[in-house]
Amino acid sequence: SSGINAEYGGRRRKRTWKKEPRSSIRFTVIRHPLARLVSHYRNKSIGPGSTSLGNDIWVKPAMIFARQKKSWSPNRQAKFAKEYDNQIHHNLKNPSPGNPYLKSFLTFPELVRFILHGQNRPPPNYLYMNAHWIPGTQRIDVCQNDLDIIVKLENEAVELPYLLERLNLTQYHHLLSKKENASAGEKVVAVDQVVEHMKLLTKEEQRQLNEMYALDYEMFGYEPVYV
C-alpha cells in the first residue's frame, strides 16, 4: 500500500536493543497529529468547545494558565486551585465567589494555548510533553528506532492486515473489525471533527499549532488543517 510509509528496501542497521535479532520487525502506528489531539480532547469533552472538570495531569495547569490574572496574589491563586481539587474529589459545596476554574469547562482553545505556551519553555517541560499531543516524530524517534514499517491509522483497513501478515499473526485478522479507540470508545476521529475544533482557534493559533506539527506532516505525508 502506498500509505505504508515504507519498508526500507531490505536495508538494516545493526540491532543492539537487548540482543534483538536481525530478523525482528520494528513498526509503529501513527495518525494525523491534530486528530490525535482532538481525539484526546473529545475523550474529556462534553461538547466541541469544552471539557468537564477532571484530574488529568494537564487539565488543572491548563485551566490555571488560561484563567489566572497577573493581578492575583499567590495566595488567591493557590486558594482557587485548592478549591478546584476539592470540587473534583469532594464535590465542593460553597466555592469562593469569582473562582474562574469552576465557572465553566476547559475549552479547546485554552488547551491549545497551554500547549503552545509549553513549546516556548526550556526543557525539561514534561508537563507540556503529553503523549497525546507531542509531535509523532518526537514520540517515536523515527531515526533512532530504525523502523521497518510505519502504518497510518487512517488506512488501517489495508495496512493492519499487511502488518499482521508480516508478523505471522494472520490468525488474529478477525479482531481488526472489532477495534475501537480504547480511551474514547469511538472510531478514529474524522476530518470534519478536526475542522470543527480548529474553527474555535484564531488564525494565529492555527498557524502555530500546524507549525508545531510541520515535521510530522513532512515525514508522514499529512497535510496541515486551516479553516
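Brief remarks follow.
- Amide H contacts of Leu106 (H built 1.01 Å from N, in plane; Pro and chain starts excluded): Thr51 sit under 5 Å, all sequence-distant by 5 or more or on other chains.
- Distance histogram for the stretch 96-148 (every C-alpha pair counted, 5 angstrom bins, percent rounded to whole numbers): 4, 15, 18, 18, 14, 12, 8, 4, 3, 2, 1, 0
- Heavy-atom accessible area ranking, 1.4 Å probe, most first, across His197, His90: His90, His197
- Amide H partners (placed H, <5 Å) of Ile30, local residues excluded: Val151, Lys152, Leu153
- Charge tally around Ile134: other residues with Cβ under 15 Å, Lys/Arg +1 each, Asp/Glu -1 each, net +1.
- Whole-percent carbon and sulfur share, accessible surface of the stretch 106-154, 1.4 Å: 51
- Difference of contour (0.36 nm per residue) and Cα-Cα distance, Asn75 to Arg22: 13.2 nm
- Farthest positive-ward along the stretch 49-120 dipole, Cα basis, beta-carbon charges - from Ser104, Phe80, Ile115: Phe80
- Per residue, the stretch 64-153 exposes an accessible area of 57 Å² to a 1.4 Å probe, with every protein chain left in place.
- Estimated from the Cβ-Cβ distance and a Förster radius of 30 angstrom, the FRET efficiency linking Val191 and Leu116 is about 0.85.
- Spin-label zone in the stretch 62-76 - amide nitrogen under 13 Å from a point set 7 Å from the Cα of Leu127 along the C-beta vector: 62-68
- Segment Gln87-Tyr172, length gained on full extension (0.36 nm per residue, minus Cα span): 26.1 nm
The values are calculated or read from the model by the stated rules, or taken from the named source; none is laboratory data. Computed from a predicted structure; not experimentally measured. All Cβ positions, even for glycine, are placed from backbone atoms using ideal geometry, and neighbour counts span all protein chains on display. Accessible surface is based on the protein model in full, side chains and every heavy atom, while ligands, DNA and RNA are left aside. Shrake-Rupley method; radii C 1.70, N 1.55, O 1.52, S 1.80 Å.
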